[in-house]
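Read through the structure below, which is laid out as structure tokens, and then see the notes.
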Amino acid sequence: MPEIKVTPLGAGQDVGRSCILVSIAGKNVMLDCGMHMGYNDDRRFPDFSYITQNGRLTDFLDCVIISHFHLDHCGALPYFSEMVGYDGPIYMTHPTKAICPILLEDYRKITVDKKGETNFFTSQMIKDCMKKVVAVHLHQTVQVDDELEIKAYYAGHVLGAAMFQIRVGSESVVYTGDYNMTPDRHLGAAWIDKCRPDLLISESTYATTIRDSKRCRERDFLKKVHETVERGGKVLIPVFALGRAQELCILLETFWERMNLKAPIYFSMGLTEKANHYYKLFITWTNQKIRKTFVQRNMFEFKHIKAFDRAFADNPGPMVVFATPGMLHAGQSLQIFRKWAGNEKNMVIMPGYCVQGTVGHKILSGQRKLEMEGRQILEVKMQVEYMSFSAHADAKGIMQLIRQAEPRSVLLVHGEAKKMEFLKQKIEQEFHVNCYMPANGETTTLFTSPNIPVDISLGLLKRETAIGLVPDSKKPKLMHGTLIMKDNSFRLVSPEQALKELGLGEHQLRFTCRVHIQDPRKEHEMVLRVYNHLKGILKDYSVQHLPDGSIMVESILIQATAQSEDQGTKVLLVSWTYQDEELGSYLTSLLKKGLPPTTT
Amino acid sequence: MAAHLKKRVYEEFTKVVQQQQHEEISAKKLRLTKPSKSAALHVDLCKATSPADALQYLLQFARKPVEAESVEGVVRILLEHYYKENDASVRLKIASLLGLLSKTAGFSPDCIMDDAINTLQNEKSHQVLAQLLDTLLVIGMKLTENPAVRMRLLDVACKYLTDSSHGVRNKCLQLIGYLGSVEKGATKETESLVTKDVQKIIGDHFNDQDPRVRSAAIKAMLQLHERGLKLQQTIYSQACKLLSDDYEQVRSAAVQLIWVLSQLYPESIVPIPSSNEEIRLVDDAFGKICHMVSDGSWVVRVQAAKLLGSMQQVSSHFLEQTLDKKLMSDLRRKRTAHERAKELYSSGEFSSGRKWGDDAPKEEVDTGAVNLIESGACGAFVHGLEDEMYEVRIAAVEALCMLAQSSPSFAEKCLDFLVDMFNDEIEEVRLQSIHTMRKISNNITLREDQLDTVLAVLEDSSRDIREALHELLCCTNVSTKEGIHLALVELLKNLTKYPTDRESIWKCLKFLGSRHPTLVLPLVPELLSTHPFFDTPEPDMDDPAYIAVLVLIFNAAKTCPTMPALFSDHTFRHYAYLRDSLSHLVPPLRLPGRKLVSSPVSPSVTPHEDPSQQFLQQCLERVYNLQHLDPQSTQELLEFTIRDLQRLGELQSELAGVADFSAAYLRCQLLLIKALQEKLWNVAAPLYLKQNALASAAAKQIMEETYKMEFMYSGVENRQVVTIHHMRLQAKALQLIVTARTTRGVEPLFGMCENFLQEVDSFQRCFISELPHMQDSFVDKLLDLMPRLVTSKPSEAVKILQTTLRQSTFLHLPLPEQIHKATATIIEPAGESDNPLRFTSGLVVALDVDATLEHVQDPQSTVKVQVLYPDGQAQLIHPKPADFRNPGPGRHRLITQIYLSHTAWTEPCQIEVRLLLAYNSNRSKASTRLSKSTWIDSMEAVPPSEYGIEGTIPFSKSVKVYIMPKPARR
């Protein structure tokens, strides 16, 4: 039985460190290669020794696919390719390829320069790793080798995020990466055609959430920011450098312009400028509005947003600061948070998901006293707000995608186990497909029944379709032919040709059956009666009375011989080849019923 | 007429004989070409050596039209070649030509139908087959009245439905859709049997393997519906299955079909699959179409969103679900109220995404009640309004508008969503939602926070948006006095930011004030900044913001008698001033102790006949009785009346159109009388060369005036057109007489005479039905004298004309019901700037032009912009059709850019910009009555009866723009 095997090395019933191994029809593909935010030890990278203990990874993997540039999806890539060792192709979209190294470099700097870790990948390794990357376009089918092909679909989420379809023969798997089904201020919605894959591997970050309309969210967000600024408070918005940051920037920028506000907006990271440059370039990946208006003004050229300097944090008066990283677990956002936490006029807005163990997660779950490094206790007086701005599909969005793609089974990753459980139940109930949610290291196997293509000679096809009624595409049709399996290929040919090819003589198989009929009359009279009888019944067939006293029904021969002992009983010999089995047996059963009484 | 003329000419002048011969020859030629068309084609096709050649010939042939009578011959020849031809592409072209030919007007294609059907039999190529079926469709469309033909074609179509090519099947289905019998309950039973068959046949192809055929089948079904055949309800379930088709065009068509069925059988009951409950069909269809609003293809989404708007029979709770995304109830349980309440409760499991951790799993819930996909209508509009494509969003807003108009409770609910849409990133969407809001505004009252969002849009940089918003505020209900204050503050802010919005803002405040007098009342002291003890300084009367405040207050005071007590002295003075200067914005108020302001148009006296209307009638009657007066007093009376009418037009804006129109007519008459009173007529010809300047100028002026009368007024009816044309005819006669007297020699007169007689002839033809009304008029007499005129020499004819013109009576101008003069005001450029617009000579500068047009019909084709340079050079600019907007009935707005360029000037100078109304006398109402033949050949045969005079009428004041083209720097 052909099967597809899926093993998450990361992101199985978990968020972070996305890394999923898929074996499909003998091909092994690794989907994403991320790091985990919550850990600083070995657990931050997927356990690549699972793939092989001592051999080269290249021998075991046919390709690696990176869905988008977030570190939890590509953070382990240089480690994997340079330190563990992988030389095969790595696929990602053009924007991902452009932005990914900036983030990796930033990540490396924080880990090595700030935390002083050794045995970490170097800048050169990032560069070497990126050399192995093959960039793909949307909807471009890339042949990895003769059998394996991949194709990217738009996924929303962040610039350049893509869903990938992996196909070998008629078996296929779709991996969604992270995606967003509702368009936002700078990206469109994820879209996939009805590709009916055998398996859809979907993220499920918001498996139990159905979000409000985005306009309400935006309005709430702007209102909160505006109120705080008018009060003279400071607003801290922890973001990851890329993705939501740009979304919120566009939102605030247009709002500031409209309301003519003067309070400064700062953006904390130097790398943003570089990344914004790419946002300006990859206009085709953004939403309809930006694509249509960039000729007049590129929306990513901000007027109100300036670069942040560390000294600004102590300035009096209102301000809005975007600071990285987004979960308040380290870096500048944490520093600013410490400074401002004590004042109840200030506000922190968490625009997205926070992994367990981070400061962000703690304050959101209501902790007001935090233990910082060095046993300090930090009291949080500032307002803590949560606005779901992360560009993941909500429960309804996930269902919508499943409906669009119509997969034969679904596998959930990148989410919390409890929430997945709920969604799994829903999917099974509403689509009547199997749904899996393996944990890390757990292998899910599903059996497929792939179609096996067989070549048929045109002559045979035409001949066979000519027989019988009009072809009806929806119904299976019975055909006679010989299946030849040779050199790993299948061919359906006519028997004659098969014989010729195999150099065999043709044997005819004939069935002959005797039918006893009680009839006192002479032979030829009886034959005539039989002939008339058959002619009366088998109107659609050609029934012939041959001069030698036998009857031909199509190719079936009926002959009458007199029984020597009993003059009253005549014996009919019915003879047919095995091709005419159907008609032949019908005839004999017909004849066995006897002839109708004649009216003389 | 022309024949008479020719005869006469023939008698007198031998020269002209040749001319006639020439004409005869040309006529012969024409006759020769007719049969040659098919013959030439035949020869050409025989000559063709290769299929490519033959194709070329056919293509050339297709460019020329064929007369109805020779179509059949051509068809025969084509068919002959068709049978001989081996190349499929040539056969295809022939087949398509057959279709084109059978469309020829006046040709009945039944004679070629048999041949066309016969050709089908031996055809092997699928493409040619499809084309032939298309031809049959054309033939069938021309012969829809003939049931036998239809039956025959249907048979053919059904036969070829089994073809393996999708193109052929497509065409067959199309044929069935267009020709399937519609007569229901016809006399014979067989007829109804066929009716049933048609739907079944088409229905069978809903499952065709080819998506193109599937969509063609649905379209054929829709076609049947359009032709009036009642579709059977059984199709509904089939159509529902098609909604999940793989191909978007099928889904899109299926959505339409479902919509049609839901309109046909709204009340029938359908079962819900997987349960044993039933709901109304329209509700079910509504749910299904709502579902399609989240389809993968945006084409389908647009289609679905559009159709939702017209499903007004849907139950209200389904309707309200469309705005609710969190309510996860499924259709099945919707029937009982307590179950619904329970579901509402259990759906709380979902997190809103606004608060962290509110999605922590609570107690185990009945998951069966929570349905993520099949809930259909749930949140359809929420999805539609935040769709990625603005086309979908606009469609959703439109649908929302239509549904809200029919359901007040829904209107109340959708308000929040509409207000949200005011912040959409695409301007068109914002505009559309503002318009939508205006349309439903009588159903709603804005809350303060909603008003806040609405007013924020006033700062939008787009003028269209701001003006749409002003219109919206005109008819909005505001609930609190804070709301009014907020609106006023924001509008004033808008005024300072965009001073050009002045008029629009004042108008907006006028309505805001008159709608909410009680809310304005407590604000008055603050707004007027009056103080109980101290006198405050008198505000500047010319300040637009102050005027805006006053407009609001005065309009509120109209229905609130206590308000004037709060006014200070200068307010009353300002009232008197504004009432005079901005009478359309400031209503009459009954102010205590100030009778001079309130009395004149107080509502106490309301006679049925408006006095000014009466006055107008009296004026005109006075004039029409004037035959019996002596010429001198006639002139005086006319002059007085014209003056009266003009003044009336200025005073009474609603009568302006009528007054101006009548005045223009009287002016024409006055000019005519004056011209005829000239002494010159008694003087011998050579002596009055100088004096006649007046007469010919009068003739010219009358012509101009008549064109203005005909084209500048909307609402002119046929009666008036006749009178105007009659006046023009008189002017032409005058012109002819004057020329006859001044020019020496007779030869140039011939042409003029002939022309004039042709004019009279065409006048008679155009207005034959109106002639009885024109007793004793110029034309009436002229027609009596026609035989004499035709046979007499030009000099005599002129004499006859002169006497007729002098004897003829003044024709009464019947007044139309509604008549409006086309006017235009250029708002921008304002023409006040002292700073010249500088640009480098040889390059181009763009000048923004903004103008309002009133009562202009079809402005896209008639309104032009004219630029006059100081050197007398004039430039005519045709604005793009997209530059015209239509903010209200009879009103248009032209916002365009014109490009100026000139060689270098030494100093800045002013150019003039004005709007012109272009007209073409061929397009006039008179000529539309002439039958127009479609073929070019026939048009050539008949010379245009009335040569089209094209001209322009300036209808706006010209605005001066200071410009300075600088020499280019080297």
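The values are calculated or read from the model by the stated rules, or taken from the named source; none is laboratory data. Bear in mind the structure is a predicted one, so any value in this text is a computation, not a measurement. Neighbour counts are summed over all protein chains in view; Cβ atoms, including those assigned to glycine, are modelled from backbone coordinates with ideal geometry.
With respect to A:Lys109, is the statement that it is assigned to a helix (DSSP H, G or I) and within 30 Å of A:Leu248 (Cβ to Cβ) true? It would help to see each step written out before you state the result.
Values: assigned to a helix (DSSP H, G or I): yes; within 30 Å of A:Leu248 (Cβ to Cβ): yes.
Considered against the rule, which asks whether it is assigned to a helix (DSSP H, G or I) and within 30 Å of A:Leu248 (Cβ to Cβ), A:Lys109 comes out as yes.
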request  = Go through (1) crowded, with 21+ Cβ neighbours inside 10 Å; (2) among the polar types (S, T, N, Q); (3) more than 14 Å from chain A (Cβ to nearest Cβ) one by one and return the number of the condition B:Ser433 breaks.
outcome  = (3)
ask   = How many residues, within segment A:192-202, are more than 9 Å from every other protein chain (Cβ to nearest Cβ), touching a helix residue (DSSP H, G or I) at 6+ places or on another chain (Cβ under 7 Å) and either at pLDDT below 80 or buried (at least 18 other Cβ atoms within 10 Å of the Cβ) (or both)?
value = 3
Lone unmet requirement of (1) assigned to a loop (DSSP other than H, G, I, E, B); (2) without any contact (Cβ under 8 Å) to a residue 24 or more places away in the chain for B:Asn118 = (1)
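Does segment A:230-244 hold any residues that are part of a helix (DSSP H, G or I) and either under 27 Å from the mean Cα position of the chain (by Cα) or modelled with pLDDT of 90 or more (or both), and which are they? Talk me through it step by step, then tell me what you get.
Our first condition is that a residue be part of a helix (DSSP H, G or I); within segment A:230-244, this holds for A:230-231, A:244.
The answer is A:Arg244, and nothing else.
Being within 14 Å of chain A (Cβ to nearest Cβ), over 28 Å from A:Glu247 (Cα atoms) and among the basic types (Lys, Arg), is that true of even one residue in segment B:409-418?
First, the residues of segment B:409-418 that are within 14 Å of chain A (Cβ to nearest Cβ): B:413-418.
Cutting the leftovers down to over 28 Å from A:Glu247 (Cα atoms) gives us B:413.
From what is left, the residues that are among the basic types (Lys, Arg) are B:413.
Yes, some residue in segment B:409-418 is within 14 Å of chain A (Cβ to nearest Cβ), over 28 Å from A:Glu247 (Cα atoms) and among the basic types (Lys, Arg).
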inquiry  = Quick check on A:Ala263: is it more than 14 Å from chain B (Cβ to nearest Cβ) and modelled with pLDDT of 85 or more?
reply    = yes
inquiry  = Return the residues of segment A:203-250 that are without any contact (Cβ under 8 Å) to a residue 12 or more places away in the chain and within 10 Å of another protein chain (Cβ to nearest Cβ); say none if nothing qualifies.
reply    = A:Asp212, A:Ser213, A:Arg215, A:Cys216, A:Arg219, A:Lys223
request  = Enumerate the helices (runs of 4 or more DSSP H) found wholly within segment B:487-594, keeping only those where 2 or more residues are surrounded by 17 or more Cβ atoms within 10 Å (Cβ to Cβ) and in contact with a Gly (Cβ under 6 Å, 6 or more places away or on another chain).
outcome  = B:544-557
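Could we say that B:Thr135 is assigned by the TED database to the domain that holds B:Cys46, hydroxyl-bearing (Ser, Thr, Tyr) and in contact with a Ser or Thr (Cβ under 8 Å, 6 or more places away or on another chain) here?
Numbers: assigned by the TED database to the domain that holds B:Cys46: yes; hydroxyl-bearing (Ser, Thr, Tyr): yes; in contact with a Ser or Thr (Cβ under 8 Å, 6 or more places away or on another chain): yes.
So B:Thr135 fits the description; yes.
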ask   = Tell me, which residue of segment A:106-135 that is of a type in the set (A, V, I, L, M, F, W, C) and out of contact with any helix residue (DSSP H, G or I) (no Cβ under 8 Å at 6 or more places or on another chain) is modelled with the lowest pLDDT?
value = A:Val112
query = Looking only at segment B:813-843, which residues are more than 17 Å from B:Glu912 (Cα to Cα) and of a type in the set (Val, Ile, Thr)?
reply = B:Ile819, B:Thr823, B:Thr840
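Residues checked against (1) of a type in the set (Lys, Arg); (2) within 30 Å of B:Gln818 (Cβ to Cβ); (3) in contact with a helix residue (DSSP H, G or I) (Cβ under 6 Å, 6 or more places away or on another chain):
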site	(1), (2), (3)
B:Pro836	no, no, no
B:Ser841	no, no, no
B:Asp848	no, no, no
B:His855	no, yes, no
B:Ser861	no, yes, no
B:His892	no, yes, yes
B:Trp905	no, no, no
B:Glu912	no, no, no
key: Hits in segment A:510-547 - residues which are without any contact (Cβ under 8 Å) to a residue 24 or more places away in the chain and assigned to a helix (DSSP H, G or I)   = A:Glu525, A:Leu528, A:Tyr531, A:Asn532, A:Lys535, A:Gly536
request  = Pick out the one residue from A:Asp472, A:Asp455 that is modelled with pLDDT of 85 or more and over 17 Å from the mean Cα position of the chain (by Cα).
outcome  = A:Asp455
message = Restricting to segment B:475-486, count the residues that are small (Gly, Ala, Ser) and in a helix (DSSP H, G or I).
response = 1
task = Can you give me the number of residues within segment A:190-214 that are among the charged types (D, E, K, R), within 23 Å of A:Gly12 (Cβ to Cβ) and assigned to a loop (DSSP other than H, G, I, E, B)?
result = 1
inquiry  = Consider segment B:788-844. How many of its residues are at pLDDT 80 or above, assigned to a loop (DSSP other than H, G, I, E, B) and not β-branched (Val, Ile, Thr)?
reply    = 7
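Suppose we keep only residues that are of a type in the set (Phe, Trp, Tyr) and under 26 Å from the mean Cα position of the chain (by Cα) within segment A:280-302. Which one would you say is surrounded by the fewest Cβ atoms within 10 Å (Cβ to Cβ)?
Among those residues, the one meeting the criterion is A:Phe282.
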ask   = Any residue at all in segment B:850-866 that is hydrophobic (A, V, I, L, M, F, W, C), over 20 Å from B:Thr706 (Cβ atoms), in the same structural domain as B:Ile953 (by the TED database) and assigned to a loop (DSSP other than H, G, I, E, B)?
value = no
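Of the residues that make up segment A:493-513, is at least one at pLDDT below 80, more than 29 Å from A:Arg463 (Cα to Cα) and either out of contact with any Gly (no Cβ under 6 Å at 6 or more places or on another chain) or surrounded by fewer than 16 Cβ atoms within 10 Å (Cβ to Cβ) (or both)? Give the steps one after another, and end with the answer.
Start the filter on segment A:493-513 by keeping residues that are at pLDDT below 80, which leaves none.
Within segment A:493-513, not a single residue is at pLDDT below 80, more than 29 Å from A:Arg463 (Cα to Cα) and either out of contact with any Gly (no Cβ under 6 Å at 6 or more places or on another chain) or surrounded by fewer than 16 Cβ atoms within 10 Å (Cβ to Cβ) (or both).
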note = Given (1) more than 14 Å from chain A (Cβ to nearest Cβ); (2) in contact (Cβ under 8 Å) with a residue 12 or more places away in the chain, B:Val457 misses just (1)
